[in-house]
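So the structure is just underneath, and the comments pick up after that.
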Amino acid sequence: MSMRVFGQPIGAPASMPLIGDSTAMQELRHQISRAARTSLSVLIEGPSGSGKELVAQGLHAESGRAGRFVAFNVCAVADGMFEDAMFGHVRGAFSGAVGTNAGYCEEATGGSLFLDEIGALGLAQQSKLLRVVETKMYRKVGASVDRHSDFRLISATNVSLDQLTRALLFRHDLLHRLAGIVIRVPALDEHLEDVPHLVSHFLADLAPSGESLPKFTSDALTVLQSRKWPGNIRELKVAVERAIAFATTPRIDGQDVHAILEAAPGTIDGPPAPERRRILEALIACDWDTARAASMLNVNRSTLYRIIKRMRLRKGETLHVAGDAPYAIRASVEGSTHLRSIHRDSPSLAVNDGETEMSPAR
């Protein structure tokens with residue numbers, strides 16, 4: 001399968017490239033290349049999960065600016081901390097300021113400053129940002145002199161700033177400064193033909209060392225391409241990771257994908273009940289010997305470890321046996337040392353010491 005990428009190659013540590021051959025993605029690359037040749041501020045619009053920060057990173061990379069790409073999600077700090085985060089502070093500026101700290105403006109000097117979720121910025125903070133955008137001058141908290149920072153400003157929003165300005169929640173003058181160039185990132189529903197390329201990238205990213213992972217059949221890819229993705233590429237990535245984590249065969253088909261997608265939101269920790277029961281029964285039957293259980297389930301051991309971790313399986317799970325009477329099964333500790341060493345940071349895999357026994361569940 002051929003695949004065009006924008007930016008860094010697959011497996012590069014900096015960021016995921018923009019992937020796909022669709023008309024929408026080709027137009028997006030064109031917009032980025034065109035904007036990179038200017039020094040104008042750029043406003044990136046698009047729904048959550050569509051890859052706005054990747055677009056910003058690609059824009060910075062193509063611009064050839066020598067400085068860093070510095071990202072700041074304005075929702076991540078309280079309003080009272082905005083100035084300190086953006087501009088930094090000097091020693092003694094406030095209680096606990098034992099040294100001088102650089103803010104995002106200083107860190108982005110000579111590079112690009114990316115402000116994500118810009119629509120969430122309060123009006124008071126918008127006024128402070130406006131001065132910086134207009135003059136590239138800022139003042140550290142507690143300082144008496146201004147500093148200059150030559151950064152390229154890139155902002156992103158998943159809401160309409162035009163609507164916010166009409167509602168008097170966003171400054172017109174700031175919007176005009178931010179939107180020197182506007183780049184719109186398409187929702188995944190607008191380029192579903194790129195889903196196979198994206199899945200290929202996710203699989204390569206999940207197994208960077210060349211580990212063998214289950215393969216998606218053409219039927220599975222068709223299912224992925226036929227549904228709506230309100231969470232966009234981010235949601236697709238999670239669905240692929242879930243499918244891999246819950247796979248019990250070397251191939252993931254359309255029925256497997258349907259089962260994953262039909263699970264209610266927030267049920268990432270578990271697959272359909274029959275699959276969970278089958279995996280748990282195999283583990284119990286093998287006394288939690290993961291090598292034997294993996295062989296019984298026809299998966300490799302590393303895949304089984306991921307399933308155990310994602311399902312949060314543990315000894316003491318409740319099963320329904322003959323007559324549908326619930327029993328709590330506590331397996332023996334044979335092989336538990338190995339499991340604990342593999343998942344020593346996972347409290348969900350705590351091992352109960354004791355002999356194998358069956359007792360009515362309470």
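Some observations on this one:
- Just one of the listed residues (Val240, Val223) is among the hydrophobic types (A, V, I, L, M, F, W, C), at pLDDT 90 or above, surrounded by 15 or more Cβ atoms within 10 Å (Cβ to Cβ) and within 16 Å of the chain's Cα centre (by Cα), and it is Val240.
- Some residue of the stretch 218-239 being in contact with a Phe, Trp or Tyr (Cβ under 9 Å, 6 or more places away or on another chain), over 18 Å from Gly51 (Cβ atoms) and outside any helix (DSSP H, G or I): no
- Top-ranked residue of the stretch 18-40 - restricted to ones that are open to solvent by less than 20 Å² (accessible area, probe 1.4 Å) and touching a residue at least 40 places away in the same chain (Cβ under 8 Å), ranked as farthest from Trp229 (Cα to Cα): Ala35
- Here Thr248 qualifies as without any contact (Cβ under 8 Å) to a residue 60 or more places away in the chain, of a type in the set (Ser, Thr, Tyr), open to solvent by less than 20 Å² (accessible area, probe 1.4 Å) and under 30 Å from Ser295 (Cα atoms).
- Filter result for Ile183 (in contact with an Asp or Glu (Cβ under 8 Å, 6 or more places away or on another chain), under 30 Å from Ala102 (Cα atoms), outside any helix (DSSP H, G or I) and open to solvent by less than 20 Å² (accessible area, probe 1.4 Å)): yes
- Hey, Phe170 in contact with a helix residue (DSSP H, G or I) (Cβ under 8 Å, 6 or more places away or on another chain), buried (at least 18 other Cβ atoms within 10 Å of the Cβ) and over 27 Å from Ile154 (Cα atoms) or not: no
- Test: residue in the stretch 160-173 that is modelled with pLDDT of 85 or more and among the aromatic types (Phe, Trp, Tyr): yes
- Per-region count, the stretch 40-59, residues small (Gly, Ala, Ser) and closer than 14 Å to Leu178 by Cβ: 2
- Any hit, the stretch 198-215, residues being surrounded by 16 or more Cβ atoms within 10 Å (Cβ to Cβ) and assigned to a loop (DSSP other than H, G, I, E, B): yes
- Of all residues making up the stretch 125-140, the number that are among the β-branched types (Val, Ile, Thr) and more than 33 Å from the chain's Cα centre (by Cα): 1
- Unique match (being of a type outside the set (Asp, Glu), at pLDDT 80 or above, in a helix (DSSP H, G or I) and surrounded by 17 or more Cβ atoms within 10 Å (Cβ to Cβ)) among Leu261, Leu283: Leu283
- Residue that is nearest to Val182 (Cα to Cα), among those in the stretch 62-87 that are among the small types (Gly, Ala, Ser) and out of contact with any Phe, Trp or Tyr (no Cβ under 8 Å at 6 or more places or on another chain): Ser63
- Within the stretch 143-167, the set of residues being among the β-branched types (Val, Ile, Thr) and buried (at least 16 other Cβ atoms within 10 Å of the Cβ) comprises Ile154, Thr157, Val159, Thr165.
- Among the candidates Leu304, Leu319, the residue that is modelled with pLDDT of 75 or more, of a type in the set (A, V, I, L, M) and on the phi < 0 side of the Ramachandran plot is uniquely Leu304.
The values are calculated or read from the model by the stated rules, or taken from the named source; none is laboratory data. Only a predicted model underlies this, so the values are computations on that prediction, with no experimental measurement involved. Virtual Cβ from ideal backbone geometry, glycine too; neighbours counted across all protein chains shown. Heavy atoms of the whole protein, side chains included, go into the accessibility calculation; ligands, DNA and RNA do not. Shrake-Rupley method; radii C 1.70, N 1.55, O 1.52, S 1.80 Å.
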